[in-house]
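**Q** My questions all concern the structure below.
The values are calculated or read from the model by the stated rules, or taken from the named source; none is laboratory data. Note that the structure is a prediction, hence the values are computed from the model and not measured. Virtual Cβ from ideal backbone geometry, glycine too; neighbours counted across all protein chains shown. Calculation scope for accessible area: heavy atoms of the full protein, side chains included, ligands and nucleic acids excluded. Shrake-Rupley method; radii C 1.70, N 1.55, O 1.52, S 1.80 Å.
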Amino acid sequence: MGIILSLAAVILLFSAGTLITILIEPMLSTTDEEGPASNSPKNNIYPVHPDSWLYNAAPAVALASMAAASVVIPIDKSLAGADIGIGLFYFIVIIDYMVLAVALGGWGSNVPESIESCYRIIAQLVAYVVPLGLAVIGPIMMAKSMSTQNIISSQSSLWYIVSQPLGFALYIITGLMQVYRAPFLEPFSNILNNGIISTYGGWRGKLWRISLSGILFIVAAMGAVLFLGGWSGPLLPGFVWMAIKTFAVLILMKWIGQRMKLLSTARMLELSWKILIPAGLLNVLIVGGLILMGVGGK
Amino acid sequence: MILPINAYLIVSAVLFGIGVYAILAQRTAVMVLMGIELILNAVGLNIVVFWRYIQPENYSGQIFTIIIITIGAIEMSVGLAIMMLLYRNRKTVQVDKYQDLKG
Amino acid sequence: MNLGEAAQIFAFGVFAFISIAGALGMTTTMSMFRSGIFLMASFIGVAGLFILLMADLLGMLQIMMYIGGMLVMILFMVLFSNDPGGDMMASMKMPFLERFFSSGLLPQKKIHRDSHSHHNSRNNNNQADKDEGMNMGMDMSMFTSLKPYAAWIGLTVTIVFVLLFLLFPDWPVKNFIPDQDSSHRIGMLLMGKYMMAFEGAGLMILLGIYGAIYLARPGKHPDSKDRNDPSSINEEPPQAAEDPIEPFYNINLKELYEKSEDEK
């Protein structure tokens, strides 16, 4: 009985979070940029020569990856989908499936802009995966565990955003790369005629919208868990604090992103390999030094 | 331990056989490399099965599998670089046409 | 049997089916992109089997390395070479497995392929494919002429191994649940007993990176004046033949690329 109740609570809270994200987005943006999947065609288009297995599988894989990634995010002290011992590693791996889904959709529709968009999205995967790993290693080192509940309970003395600001900045930037928001919006932008979304009309476009907005919410939630201390807080119940922190990280990500110019794929790769990876390695060095000096952790 | 050890071993044997078929019957160099990856995968599965059923307290079996996966990645990247050079020089990717050493 | 054991048997069946079906699909489908995707499905099946065998960190590592790393490499290589797509399907009679795994593909003229493989047109003009009967200009088939022999060899190897595993079943099996905190144990072993192997693998990765970059470099001395010449010619794609079906878009590729150059 308790399992069913907590499962229902988790599903409800995540659906609510995704829906609120979709509704709030126009209010939070200061430019006209609305997110990658907002301009899907209204009527139910089917391309003429698709690769039908891949074309039909893509929205399903996107939705599955988003749902599977939200399992490890804890909402309250005992309210998580599953507290796996390797929870954070699992999260990073499952978010990679979103890239796979977009690649399948791009190739499957057999339209030149989609295929071009598919190549650029795979290049974006190459750009974000190493800095994300280096940013996330900091909390793992300080908490001595990969489980999300352990990371939250070891932030009871000091939040990790205070002791690892460089890691937090890296997480925000690679988080923007993961969710295809500005300034890393190019595969879905007007240059490529909206990329793969233009070949998915009607209800399939709405499925893409749910997946891409949901993944923004989930990445922001994981940022709140890792760096801001998750559900811990003085007065209010756990999930209220979690919601406040998630939306704070979400607003910060969008606000920082929209201040910057759109980067092309080549510039983004250059940014990742020349600036973010040395910064990540420096972050690991600094966190190691802090642990040896006794800051943070039990 | 409800499943007998032979169940997993048979899966690994079938994967190995399909990998051998892929290496011998595919025409493009990329597909041959994919067949090699299938064989490495089958071997890795075999090692983990034996670790779990015969010596579960000694984690060296998993270390061996990690090293195998790493070395598989390296040889695939060097293999793909060689394939790209061959494509530039010979203008074809079919392994039938690389016949310089034929007696 | 109780629910836990039934769930284990069901999960084993599902993951074993995914691995073997993915491997079969990889070898028999007609499009190279689909082969890559099926190979990835096979890896996910094997990773599921790892998790069932209580090696959870290894399962996650397998998924991350094979999907995040190796498959990206394979996909980029597929994009460089010629993907036959579904062109040959209408003219060949194929055995049942191949027809099933290639069932979503349609024979067509794909516009994008000619714009992304510039080498191809030069290929046609220079080489005369004498030993291939129909000169279609692209690769005939995914399989070599050795295909029947390869199928028999593969089948023999499989049957030999399966019989070996079935007829000698007396392995010294221990009924012992391993330590649940596998990442801790693996970490301690990697940094303790197997430090040499760990560092050696790191050194080998470095050598592999260096070798791959050196092999794939542009082939001229940095100071020679024709180093920056493009190695492929930007040709106009040939006009598509009259399709009875109307195209999905009216695309002018040149205009698309010029427009994106202007916006940068």
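**Q** Report those helices (runs of 4 or more DSSP H) wholly inside region A:225-298 carrying at least 1 residues which are closer than 23 Å to residue A:156 by Cα, modelled with pLDDT under 90 and out of contact with any strand residue (DSSP E or B) (no Cβ under 6 Å at 6 or more places or on another chain).
**A** Numbers: elements: A:238-258, A:265-271, A:277-293.
Ranges flagged: A:238-258, A:277-293.
**Q** Mind checking which residues of region A:230-246 are of a type outside the set (S, T, N, Q), open to solvent by less than 60 Å² (accessible area, probe 1.4 Å) and touching a residue at least 40 places away in the same chain (Cβ under 8 Å)?
**A** Answer for region A:230-246, where residues must be of a type outside the set (S, T, N, Q), open to solvent by less than 60 Å² (accessible area, probe 1.4 Å) and touching a residue at least 40 places away in the same chain (Cβ under 8 Å): A:230, A:231, A:238, A:242, A:243.
**Q** Sticking with this one: Of the residues C:80, C:76, which is at pLDDT below 80, within 11 Å of chain B (Cβ to nearest Cβ), open to solvent by 20 Å² or more (accessible area, probe 1.4 Å) and more than 11 Å from the chain's Cα centre (by Cα)?
**A** On inspection, the qualifying residue turns out to be C:80.
**Q** Quick check on region B:18-34. Is at least one of its residues under 15 Å from the mean Cα position of the chain (by Cα) and closer than 20 Å to residue C:61 by Cα?
**A** Scanning region B:18-34, I find at least one residue that is under 15 Å from the mean Cα position of the chain (by Cα) and closer than 20 Å to residue C:61 by Cα, so the answer is yes.
**Q** I'd like to verify a number: residues in region A:70-103 that are small (Gly, Ala, Ser), within 23 Å of residue C:54 (Cβ to Cβ) and in a helix (DSSP H, G or I), how many?
**A** 1
**Q** Have a look at A:75, A:84, A:122 and point out the one that is of a type in the set (A, V, I, L, M) and surrounded by 23 or more Cβ atoms within 10 Å (Cβ to Cβ).
**A** Answer to the selection: A:75.
**Q** Identify all residues within region B:42-70 that are among the hydrophobic types (A, V, I, L, M, F, W, C), within 7 Å of chain C (Cβ to nearest Cβ) and either open to solvent by less than 10 Å² (accessible area, probe 1.4 Å) or under 13 Å from the mean Cα position of the chain (by Cα) (or both); write none if there are none.
**A** The initial filter retains those residues of region B:42-70 that are among the hydrophobic types (A, V, I, L, M, F, W, C), namely B:42-43, B:45, B:47-51, B:54, B:63-64, B:66-69.
After this cut, where a residue has to be within 7 Å of chain C (Cβ to nearest Cβ) as well, the list is B:45, B:48-49, B:54, B:63, B:66-67, B:69.
Selection gives B:45, B:48, B:49, B:63, B:69.
**Q** If a residue must be touching a residue at least 12 places away in the same chain (Cβ under 8 Å) and at the interface with another protein chain (Cβ under 7 Å from one of its Cβ atoms), how many such residues does region B:71-82 contain?
**A** Residues that pass the stated criteria total 2.
**Q** Which of the helices (runs of 4 or more DSSP H) contained wholly in region C:111-227 include at least 1 residues that are modelled with pLDDT under 75 and open to solvent by less than 50 Å² (accessible area, probe 1.4 Å)?
**A** C:111-116, C:119-126
**Q** Would it be correct to say that residue A:214 is over 14 Å from the mean Cα position of the chain (by Cα) and either open to solvent by 10 Å² or more (accessible area, probe 1.4 Å) or in contact (Cβ under 8 Å) with a residue 60 or more places away in the chain (or both)? Spell out how you get there, then give the answer.
**A** Details: over 14 Å from the mean Cα position of the chain (by Cα): no; either open to solvent by 10 Å² or more (accessible area, probe 1.4 Å) or in contact (Cβ under 8 Å) with a residue 60 or more places away in the chain (or both): yes.
Answer is no for this residue.
**Q** Confirm whether residue B:86 is open to solvent by 30 Å² or more (accessible area, probe 1.4 Å) and within 20 Å of the chain's Cα centre (by Cα).
**A** So residue B:86 fails the test.
**Q** Taking the criterion of being in contact with a helix residue (DSSP H, G or I) (Cβ under 9 Å, 6 or more places away or on another chain), closer than 26 Å to residue C:17 by Cβ, at the interface with another protein chain (Cβ under 7 Å from one of its Cβ atoms) and open to solvent by 30 Å² or more (accessible area, probe 1.4 Å), would at least one residue in region B:90-98 satisfy it?
**A** No, that holds for no residue.
**Q** As an exercise: evaluate residue A:227 against (1) over 25 Å from residue A:63 (Cα atoms); (2) touching a helix residue (DSSP H, G or I) at 6+ places or on another chain (Cβ under 6 Å); (3) surrounded by fewer than 21 Cβ atoms within 10 Å (Cβ to Cβ) and give the number of the one condition it does not meet.
**A** All conditions pass for residue A:227, except number (3).
**Q** Consider residue B:35 carefully, then state whether it is more than 7 Å from chain C (Cβ to nearest Cβ) and either open to solvent by less than 10 Å² (accessible area, probe 1.4 Å) or closer than 16 Å to residue C:73 by Cβ (or both).
**A** Yes.
**Q** Still on this structure, please answer the following. Filter region B:52-76 down to the residues that are among the aromatic types (Phe, Trp, Tyr) and farther than 13 Å from residue C:198 by Cα and list them by number.
**A** B:53, B:59
**Q** Can you find even one residue in region A:110-121 that is in a helix (DSSP H, G or I), facing another protein chain (nearest Cβ under 9 Å) and under 19 Å from residue C:43 (Cβ atoms)?
**A** no
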